[in-house]
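Below you will find the structure I want to go over with you.
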Amino acid sequence: MTTYCNFHARSIADPTEFWGTEAERIHWHTPFTQVLDDSRPPFARWFIGGTTNLCYNAIDRHLPERGAQEALIYISTETGAERRFTYAQIFAEVNRMAATMLAMGVQRGDRVLIYMPMIPEAMLAMLASARIGAIHSVVFGGFAAGNLASRIDDAQPALIVSADAGSRAGRVIPYKPLLDEALLETRAPQPKVLLVDRGLAPLPLFEGRDALYADASAPHGDTIVACAWLESNEASYILYTSGTTGRPKGVQRDVGGYAVALATSIDYLFGGKAGDVMFTASDIGWVVGHSYIVYAPLLAGMTTVMYEGLPVRPDGGVWWRMVERLKINLMFTAPTAIRVLKKQDPALMRMSDLSSLRALFLAGEPLDEPTAHWIERALDKPVVDNYWQTETGWPMLTLPRGLDGIDIPPAKLGAPGVPVYGYQLSVCNERTGERCAAGQKGVIALDYPLPPGCMSTIWGDDERYVKTYWSNFLGRVAYSTFDWGVQDGDGFVTILGRTDDVINVAGHRLGTREIEESLSRHPAVAEVAVVGVRDSLKGQVAFGFVVLRDPARAEEAMDRLALEGELMQTVDRQLGSVARPARVLFVGLLPKTRSGKLLRRAIAALAEGREPGDLTTIEDPGALHQIRVALGLAS
Ligand code: ATP
Ligand code: MG
């Protein structure tokens, strides 16, 4: 049996052979003439001259064999809706949407901005854009007007697809007023607007600009729109990063490389096969949604489940009942969701029959050991962490689950895994780019060229792409992930936090993640954020902000003090007293981005008495108030 190490080495030693073979997984309208063009670093082009189409590969190609198989199952616990589409039905719907877009003047290469709640039409709009060769740019539904306006400025869409409203925890969030405001604010040319009316909120229309989808699509019920055959390296979409560290970057993705990378990853990494049911509990406004709600499952002929709602509403059993009823085989979500579930009774999971489920995949934030143990025990299924970024489009680190006949190393808790085939990943010195020895901390970097599926550039700004990602090391052209990590002798990489979040306490460099991990081992802790705060004596000290599983434990000042002491001792024991937080403060909620990432930089700013900076992607501004209260800055 060959080892995974050999398999990985083969993908790096001869990328032309490796990816040339993998490319056979998708349909090429015209074959490519060259697998890789690496003549212009740091830019890489894959499958040069080949023409293909994402929508064709996701839908049309499956029609002969799977026309009657479900392609999409949509469930909303917000509205009670359940809608199912076979491949044949989704083909018809996507064609109707594509014909409507064409009729509204959208042309190949135009941008289509999708500002939608989690409804099937959001996915149809993505696939319809892909079909006609338009470039979609999905913006999280419900983002504030200012956010939306800056993305409209950047992408300059010809069309915006939106809806009357989203819904969250039973509360209707009207989108149209936000959209109207954004369109007043933007400097970009005014786009056309196509609106899906869910009947949740008023939907006033601007004559000449806005159209209702039901009306505009009525004449196109039976139209079939030919696929636009795009050269592999043309743009398929723009997607903005989560904005955890500052101004979001408009990641531009290609067509052919992305299709091949996803088709390969769903098989090799996730073990997904045609006919399987996959439930990715994420938002389509995030890269996980693009890759593993929409494109990868459909490229593979699977059934994808799209969900609008919370993991705990009506109760913490809702996802697991879905697993039983829909016979879900693969599930993918973020650790944040599991930490929310952790506050619930695990018996809720065991009440459902989970026998169809093969594994749960998690990505997006560090998976702390206690949470990993908890969910693994509660489900009694493999839990697989994977590490990646909007920029890469698919995982960089994990333990592959679908490489039959290849010897995969056993999991190590706390580390997402080993470098994925195609990625030349290393931990290196943050200044020189020199590779670190095993056990030594540094920046996680990727060598040129990035594998297929990764970003082509920053939309409209090649220079920013080169400067941001490829110009961080003195002696080496390499891509910086801006994440801090450590690799062990077996190749396993542990993520220690973002490079921005590294704390320097009296000359010791600590990733915030290390201290968070340690605090989270205390049984009273549900969630924790650690930030570095300037200190005149030590340079920097760590502050820990803790959400308790039972908030009542920190109601009395004496209890708080006692608990603070216990938590500090936990860190002392595990990491030594240098890592001990100067303060541990209790809050009910931590500030996060819409995609569930901790906004440490905003917390740190408040703790240092500064303004929190760019908060455009924050989920709940109320969380910042709690930080202020905990710091004694507000009451
Ligand atoms: P921005 O780049 O705008 O600041 P962001 O980095 O949060 O935002 P994303 O691309 O959505 O935007 O998130 C990728 C980041 O999430 C990674 O760089 C890493 O910091 C973190 N991350 C993702 N998966 C994992 C994981 N499995 N373990 C630890 N961290 C992870
Ligand atoms: Mg990032």
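Give the angle, between 0 and 90 degrees and rounded to the nearest 10, that separates the Cα long axis of helix 176-185 from the longest principal axis of the Cα atoms of the chain.
90
Taking 0.36 nm per intervening residue step and subtracting the Cα-Cα distance, what contour gain separates Glu566 from Asp488 on full extension?
Difference between extended and current length: 25.0 nm.
So, one more: Can you compute the charge dipole magnitude of the chain about its Cα centre, using +1 on each Lys and Arg Cβ and -1 on each Asp and Glu Cβ, nothing else charged? Give it in debye, rounded to the nearest 20.
It works out to roughly 620 debye.
Let me ask something else. Compute the separation of the alpha-carbon centres of the stretch 9-51 and the stretch 181-197 and state it in Å as a whole number.
Comparing the Cα centres of the stretch 9-51 and the stretch 181-197, I get a distance of 38 Å.
Once R0 is set to 41 Å, what does the formula 1/(1 + (r/R0)^6) return for the Cβ-Cβ distance between Lys412 and Arg187, expressed as a FRET efficiency to the nearest 0.05?
Efficiency, rounded to the nearest 0.05: 0.25.
Right, next: Please check which bits of the stretch 20-44 a label hung off Arg10 would reach, taking the label as a point 7 Å along Cα-to-C-beta and the cut-off as backbone N under 16 Å.
What the label zone holds, given the 16 Å backbone N cut-off, is 20-25.
Just to check I understand the Karplus step: with θ = phi - 60° and J = 6.51 cos²θ - 1.76 cosθ + 1.60, what whole-Hz values come out for the stretch 455-469, glycine and proline as x?
4, 8, 5, 8, 3, x, 8, 4, 5, 5, 4, 5, 5, 5, 9
If you keep only loop residues by DSSP, which chymotrypsin sites (Phe, Trp or Tyr not before Pro) in the stretch 143-222 have at most 14 other Cβ atoms within 10 Å of their Cβ?
Sites meeting the loop and neighbour criteria: Phe206.
Let me ask another. How do His522, His508 stack up against each other in accessible area, from largest to smallest, with a 1.4 angstrom probe?
Ranked list, largest accessible area first: His508, His522.
Something else now. Given the protein chains as shown and a 1.4 Å probe, how many square angstrom of Phe43 are accessible, to the nearest 10?
Only protein atoms counted, so the area is about 30 Å².
Determine ³J(HN,Hα), in whole Hz, for all residues of the stretch 65-79 in sequence, where each value follows from phi through the Karplus function 6.51 cos²θ - 1.76 cosθ + 1.60 and θ = phi - 60°; x replaces Gly and Pro.
My calculation for the stretch 65-79 gives 8, 10, x, 8, 7, 5, 9, 9, 10, 10, 10, 10, 8, 7, 10 Hz in order.
Checking the table Lys441/Lys467; Lys327/Lys381; Lys343/Lys381; Lys327/Lys412; Lys343/Lys592; Lys176/Lys343 against a 26 Å threshold on Cα-Cα, which pairs fail?
Lys327/Lys412; Lys176/Lys343
Can you list the HN-Hα couplings for the stretch 530-539, worked out from phi with the Karplus curve (6.51, -1.76, 1.60; θ = phi - 60°), rounded to whole Hz and with x for Gly and Pro?
Per residue, the Karplus-derived 3J(HN,Hα) values read 10, 10, x, 10, 4, 9, 5, 8, 9, x Hz.
From the Cα gyration tensor of the stretch 254-302, with a ≥ b ≥ c the square roots of its eigenvalues, which class applies: rounded if a/c is under 1.5, or else prolate if a/b is larger than b/c, or else oblate?
Values: a/c = 1.82, a/b = 1.05, b/c = 1.74.
Oblate, since a/c reaches 1.5 and b/c is not below a/b.
Taking a probe of 1.4 angstrom, what is the accessible area of Cys55 in Å², to the nearest 10?
For Cys55, the solvent-accessible surface is approximately 0 Å².
May I pose another question? Efficiency by 1/(1 + (r/R0)^6): what FRET value for Arg321 and Trp229, r their Cβ-Cβ distance, R0 = 56 Å, to the nearest 0.05?
On the way: r = 43 Å, r/R0 = 0.77.
FRET efficiency, Arg321 to Trp229: 0.85.
Order Glu619, Glu514, Glu181 by their accessible area, 1.4 angstrom probe, all chains in place, largest first.
Per-residue accessible area, sorted high to low, gives Glu181, Glu619, Glu514.
Extending each Cα 7 Å along its Cβ direction at Thr468 and Gln89, get the distance between those two points in nm, one decimal.
Result: 3.9 nm between the two label points.
Taking the Cα centre of the stretch 73-155 as origin, work out the dipole magnitude from +1 charges on Lys and Arg Cβ and -1 charges on Asp and Glu Cβ, in debye rounded to 20.
Here the stretch 73-155 has a charge dipole of around 240 debye.
Counting DSSP beta bridges with both partners in the chain, what percentage is antiparallel, nearest 5?
The antiparallel fraction comes to roughly 55 percent.
Order the following by accessible area, largest value first: Met455, Met568. Probe radius 1.4 Å; ligands, DNA and RNA are ignored.
From most exposed to least exposed: Met568, Met455.
Can you compute the helix-only [θ] at 222 nm over the chain? Use -39500 (n - 2.57) per DSSP H run of at least 4 residues, normalise by all residues, nearest 500 deg cm²/dmol.
Helix contribution divided over all residues of the chain: -8000 deg cm²/dmol.
Here's a follow-up. Could you please report the charge total around Ile160, scoring K, R as +1 and D, E as -1 over all other residues with beta-carbon less than 14 angstrom from its beta-carbon?
Computed value for this residue: -4.
Please figure out what share of the DSSP beta bridges in the stretch 514-635 is antiparallel and state it in percent, rounded to the nearest 5.
Around 75 percent antiparallel, to the nearest 5.
Now for a separate question. Compute the angle between helix 87-103 and the longest alpha-carbon principal axis of the chain, please, reported from 0 to 90 degrees and rounded to the nearest 10.
80
Might you work out the accessible area of Trp394 for me, using a 1.4 Å probe with all protein chains in place, and round it to the nearest 10 Å²?
Solvent-accessible area, nearest 10 Å²: 0 Å².
Could you tell me how many cubic angstrom of Cα convex hull volume the chain has per residue?
Here the figure is 153 Å³ per residue.
Where the only charges are on Cβ atoms (+1 Lys, Arg; -1 Asp, Glu), what is the dipole of the stretch 325-455 about its Cα centre, to the nearest 20 debye?
Around 400 debye, computed over the stretch 325-455.
Let me ask something else. I want to make sure I understand the PRE zone here: with the label point 7 angstrom from the Cα of Ala506 toward its beta carbon, which residues in the stretch 570-591 have backbone N atoms less than 15 Å away?
Residues passing the 15 Å test: 572-573, 575-583.
If you take the beta carbon distance between Arg377 and Arg25 as r and set R0 to 41 Å, what does 1/(1 + (r/R0)^6) give as a FRET efficiency, to the nearest 0.05?
Computed FRET efficiency for Arg377 and Arg25: 0.70.
A further question on this structure: Measure nothing but the geometry: give the 0 to 90° angle between the long axis through the Cα atoms of 557-575 and the longest principal axis through the Cα atoms of the chain, rounded to 10°.
Long axis of 557-575 versus the principal axis of the chain: about 80 degrees.
I've got another one for you. What shape does the stretch 501-631 take by its C-alpha gyration tensor, where a ≥ b ≥ c are the square roots of the eigenvalues and a/c under 1.5 counts as rounded, a/b above b/c as prolate, and the rest as oblate?
Since a/c reaches 1.5 but b/c is at least a/b, the shape of the stretch 501-631 is classed as oblate.
The values are calculated or read from the model by the stated rules, or taken from the named source; none is laboratory data. This structure is a prediction, so every number in the text was calculated from the model and none was measured. Here the Cβ is made from the backbone with ideal geometry for all residues, glycine too, and neighbour counts use every protein chain on show. Accessible surface areas use protein heavy atoms only, side chains included; no ligands, DNA or RNA. Shrake-Rupley method; radii C 1.70, N 1.55, O 1.52, S 1.80 Å.
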